[in-house]
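J.: Below is the structure I would like to discuss, written out as structure tokens.
The values are calculated or read from the model by the stated rules, or taken from the named source; none is laboratory data. It should be emphasised that the depicted structure is a prediction, and the values quoted were computed from it without experimental measurement. All Cβ positions, even for glycine, are placed from backbone atoms using ideal geometry, and neighbour counts span all protein chains on display. For the accessible areas, the whole protein counts, side chains as well, though only heavy atoms, and no ligand, DNA or RNA atoms are used. Shrake-Rupley method; radii C 1.70, N 1.55, O 1.52, S 1.80 Å.
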Amino acid sequence: MKAALLTGIRQIELREVPDPEISKDFDVLIRVGAVGVCGSDIHYYSEGRIGDQVVPYPFIVGHESAGTVEKVGPAVRRLKPGDRVAVDPAIVCGTCDQCLSGRPNTCRRLLYLGTPNQLSGALCERIVMPEKNCFVLPAELTLEDGVLVEPLSIAIHGLKLAGEPAPNTVAVLGAGPIGLSVLLAARAAGVRQVYMTDKIDARTEVARRAGASWAGNPDREDVMERIRSFAPDGLDAVYECCGDQSAFSQAVDLLKPGGRLFIVGIPAGDRISFDIHSLRRKELSLHNVRRQRFCVREAIDLIQNGEVDVRFMATHRFTLENARLAFELAAGYGSGVIRAIVCP
Ligand SMILES: [Zn+2]
Ligand SMILES: [Zn+2]
């Protein structure tokens, strides 16, 4: 089959690689139809690593994927050839302390699609995944919707971490696909005020159209002053969705005493710093959002019942041959790109 492989920093080559095969009874062979180019893929593409996860070249990335079942293992009962599925990229062991305590997203033996030293990714024609990682898409949903299920499920998980009742006032710093998904999940969860920032005007515009109460560009205006004018007492929660030091600092300033910072973005560097005195005086909580757990079905349902519209996020499409162009576009934030999608 054909695959798009990372072969060096900012290098992708289309190569012929062996077809994957069903090796376990619960495996499913999927013909990949659409793959989203995620921010984490861009870190692997541009920097060759995320923290100590270093890309072993040549390597196939891509974890936001959907496709059509081609073949199923002998123990598969729920799926059949022809079914269209969204793929949950996390293969968990089910037996470690984390899995047993209901935290499969931090499984000790996690194998994640398109992650160095774990699993080869989806930027190829076929992948094999366990049946339980495959979620059937209702007829109304396209394979591209299926790709956008993954970032939405992370956003839903992030909102669940805020608990019940949902916070009233929230800022989302960064209006990329994850930030916008947090906006959609927040709206669906009943959050009344969602303020968003991004350094790209096209994205603040999209955020406004997607339901943000207000959206602004910190390079153009004093976003802190604006948000404070809307919420003088400070915010209940901030979702950091860009990985930028300046956004972490803004979050600490924007939160009310007792407020909570949810960290979703992936910083380019290995360290982020905080003003410890603001953190302790306001007794702020920091909560990292590690991908998601148990939120894929809910993401599909929210899209299906029309509570959430994700389609506007799929802005660009590429063939597998042109995967490099998709990565260049996403890395350069060009042409109003939100999510670039590769269709193998
Ligand atoms: Zn992703
Ligand atoms: Zn586990």
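J.: Going residue by residue through the range 34-48, is there one that turns out to be closer than 21 Å to Cys343 by Cβ, more than 16 Å from ligand 1 (Cβ to nearest atom) and open to solvent by 10 Å² or more (accessible area, probe 1.4 Å)?
T.: Within the range 34-48 (the criterion being closer than 21 Å to Cys343 by Cβ, more than 16 Å from ligand 1 (Cβ to nearest atom) and open to solvent by 10 Å² or more (accessible area, probe 1.4 Å)), the answer is no, since none of the residues qualifies.
J.: Look through Pro116, Pro151 and report the one residue that is at pLDDT 95 or above, under 30 Å from Asp219 (Cβ atoms) and buried (at least 19 other Cβ atoms within 10 Å of the Cβ).
T.: It is Pro151.
J.: Given the residues Leu123, Leu159, which is the only one that is within 16 Å of ligand 1 (Cβ to nearest atom), surrounded by 24 or more Cβ atoms within 10 Å (Cβ to Cβ) and closer than 23 Å to Gly243 by Cβ?
T.: Details: Leu159 fails: within 16 Å of ligand 1 (Cβ to nearest atom).
Within the list Leu123, Leu159, the selection yields Leu123.
J.: Just to be sure, is Arg209 closer than 22 Å to Gly334 by Cα, open to solvent by 20 Å² or more (accessible area, probe 1.4 Å), more than 16 Å from ligand 2 (Cβ to nearest atom) and over 18 Å from the mean Cα position of the chain (by Cα)?
T.: Spelling it out, Arg209 is indeed closer than 22 Å to Gly334 by Cα, open to solvent by 20 Å² or more (accessible area, probe 1.4 Å), more than 16 Å from ligand 2 (Cβ to nearest atom) and over 18 Å from the mean Cα position of the chain (by Cα).
J.: Would you be able to say whether some residue in the range 222-235 is assigned to a strand (DSSP E or B) and surrounded by 17 or more Cβ atoms within 10 Å (Cβ to Cβ)?
T.: yes
J.: Among the residues in the range 91-108, are any within 20 Å of Ala299 (Cβ to Cβ), open to solvent by less than 30 Å² (accessible area, probe 1.4 Å) and within 16 Å of ligand 1 (Cβ to nearest atom)?
T.: Yes, the range 91-108 contains a residue that is within 20 Å of Ala299 (Cβ to Cβ), open to solvent by less than 30 Å² (accessible area, probe 1.4 Å) and within 16 Å of ligand 1 (Cβ to nearest atom).
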